[in-house]
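Written below as structure tokens is the structure these notes are about.
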Amino acid sequence: MEPIIEVQELVVKRGPSEVISEASFVIERGDYVGIMGPNGGGKTTLVLALLGMLPKEKGSIRIMGEDIESFDQWDKVGYVSQYAINFDSHFPLTVRELVGLGRVNRKNLGRFRKKEDWKAVDEALEAMNITNLARKRIGQLSGGQRQRAFVAKSLVSKPELLMLDEPVTDLDPVSRERFFKRLSNLNQMKGLTILIVSHDLTAIFCRMSRVLCVNKQVHSAAITEETVPDDILRKGYGDHFHFVFHRELCKGVFVDEQS
Amino acid sequence: MSSLSLFDIPSLFQYQFFVLALIGGTLAAIVSSWIGLFLILRKESMLVDGVAHTAFGGVALGLFIGIDPILGALVVSAVSVYGITYMRRKGLAQSDSAIAVMLAIGFSLGIIIISMANGFNVELLSYLFGSILTMSYNDVIVLSVLTLGAIGFLVFFYKEMLALTFDEDGAHMQGIPVQGMTMAFNLLVAVTIALSIKVIGIILVVALMVLPGLTALQLHRSFKSTLVASSLFGIFATIMGIILSALFNVATSGVIVFTAAGVFLFVAAYQRLA
């Protein structure tokens, strides 16, 4: 498998304190990665460093084979921040306009939109099953619909790598399961590499192929049938942690796509 | 001068000053309402008021050294808007404090110059309260060129301006040159304020820039529709203001603002009651 992210001995500081310490891991193309860890452990810092939005103190980050300092194909990287959905609900923007903003980048600066841009918008709306909401204002959307609209925005530039920072925090269990299922489909059917910060351990251990447990240090492990979650979780949360894991519950809350 | 009746409106178009006022007012209304909508959504409406008051120093400086006062206002407005942005970015002051500091500096400059000059107080008043009916051909040409420039910028960089107004960090991540775009936009703000001073005056310029956008936002439409509605409300308030002020022989700038405020209240009430 081809690596899409390679991190070597990464150190990231915020102010005087080291938030990420000597992290080394590899994410391969097509991986579906859950990033978890205690609050304040450095999950968001790690994501921001991978996006080049926070400077690194030491170490190296390579994205799609290129050093992050010289990497310029950011249109191939989609990102939904944990604050993205906390927008001003009075902002006069329809879902279609919002998703269209995902096509704006340095390469098409000052250029009028073409038919292919709007075609990509329609495809992204369809991929997240929100075509019927296209003309609705974003302030009128429910929490789950907002999440899908923002993921559609990040998908519209047809990224190869998608990073989402705690996108399901405010969702009820049914919407959350539906959301993870859609991401699984994108991962399996389109080969999209997905990194998602989440506290939903069931979703991580049942749906994803790799887990990064972040608590200043980053522990990476592939998730297979033989994976013992305790081993990974204790590295991040401490020895007192015990994951009660029932195989049958692994199916989570099942919802069909139409409902 | 006695008041005119409604039947006298067509005859007003015979007067060059009236036609120039309508053309100049319409141009200023379009550009002010567009820039104003972006400012409202960036939560920077008070920036207009602060910079406009700072421009008072520029007008006084222009009158004192004998250059076009609007040019003086433009230079001081640009310095002021960049000063505010610099203070905010470097953490020297919060947004409202930075605006207060620049407003005070600009206004103080004006007061010092007035006390030194002793002679252009009446002329200065026309910039404080606007003098749209004294617009010349040259004023309208300058206004047209700058309006086209501002509209051109917003049309070409529409999607980029929308992206960074909605989510600045996200726009930065997408590779949009946020700092460059913001600097260009700030220059447009300064230019728009300086040009609107002739139409509506330093004290009321904030109303021309904010009320049309605020009214359009009550309609809860898409961004594009809101932008169009904003300019229509701005044009309506300006034209109606000019005509009504001629009919009733009262201050044009005041009537423009009252019309814009009346439309805002009507639309807001209608949206809530309908």
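Each value in this text was obtained by applying a stated rule to the coordinates, not by laboratory testing. Bear in mind the structure is a predicted one, so any value in this text is a computation, not a measurement. Ideal geometry is used to build each Cβ from the backbone, glycine not excepted, and the neighbour counts take in all protein chains shown.
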Residue-wise, which Karplus ³J(HN,Hα) couplings in Hz belong to segment A:72-77, taking 6.51 cos²θ - 1.76 cosθ + 1.60, θ = phi - 60°, and x for glycine or proline? 10, 9, 5, 5, 8, 10
Which far-off residues, 5 or more places away or on another chain, put their amide H under 5 Å from the one on A:Ile4, with H placed in the peptide plane? A:Ile27, A:Glu28, A:Arg29
Can you give the alpha-carbon Rg of chain B over 2.2 N^0.38 Å, where N counts its residues? 1.01
What percent do you get for the relative contact order of segment A:11-99 when only Cα pairs under 8 Å and 6+ apart count? 23
Which residues qualify? For A:Ile85, with a placed amide H closer than 5 Å and at least 5 residues away or on another chain, they are none
In terms of modelled amide H atoms, which long-range or inter-chain residues lie less than 5 Å from the amide H of A:Leu164? A:Val80, A:Leu195, A:Ile196, A:Val197
I need the Debye-formula profile for the protein assembly as shown: one equal scatterer per C-alpha, no solvent, reported as log10 I(q)/I(0) at q = 0.06, 0.08 1/Å, two decimals. -0.39, -0.63
What is the calculated FRET efficiency for A:Lys13 to B:Ile111, with r their C-beta to C-beta distance and R₀ = 51 Å, to the nearest 0.05? 0.60
Residue-averaged 222 nm ellipticity for the protein assembly as shown, from DSSP H runs of 4+ at -39500 (n - 2.57), nearest 500: -18500 deg cm²/dmol
Over chain B, with a Gaussian network built from C-alpha contacts below 10 Å, which listed residue (B:Ala98, B:Ala60, B:Ala117) shows the highest mean-square fluctuation? B:Ala117
Using θ = phi - 60° and Karplus 6.51 cos²θ - 1.76 cosθ + 1.60, couplings along segment B:177-191 (whole Hz; Gly, Pro as x): x, 4, 5, x, 5, 5, 5, 5, 5, 4, 5, 4, 4, 4, 5
How would B:Leu214, B:Leu109, B:Leu265 line up from fewest to most surrounding beta-carbon atoms within 10 angstrom? B:Leu265, B:Leu109, B:Leu214
Any idea what diffusion coefficient chain A gets from Stokes-Einstein, in µm²/s, Kirkwood Rh on alpha carbon pairs, 25 °C, 0.890 mPa s? 129
Diffing segment A:207-219: the Karplus 3J(HN,Hα) column from phi (6.51, -1.76, 1.60, θ = phi - 60°), in whole Hz with x for Gly and Pro, holds 10, 9, 9, 8, 10, 10, 9, 10, 8, 6, 8, 10, 10
Mean separation of Cα contacts under 8 Å (6+ apart) over length of chain B, as relative contact order %: 32
Which residue, A:Leu109, A:Leu50, A:Leu162, tops the fluctuation ranking in a GNM of chain A built on C-alpha contacts under 10 Å? A:Leu109
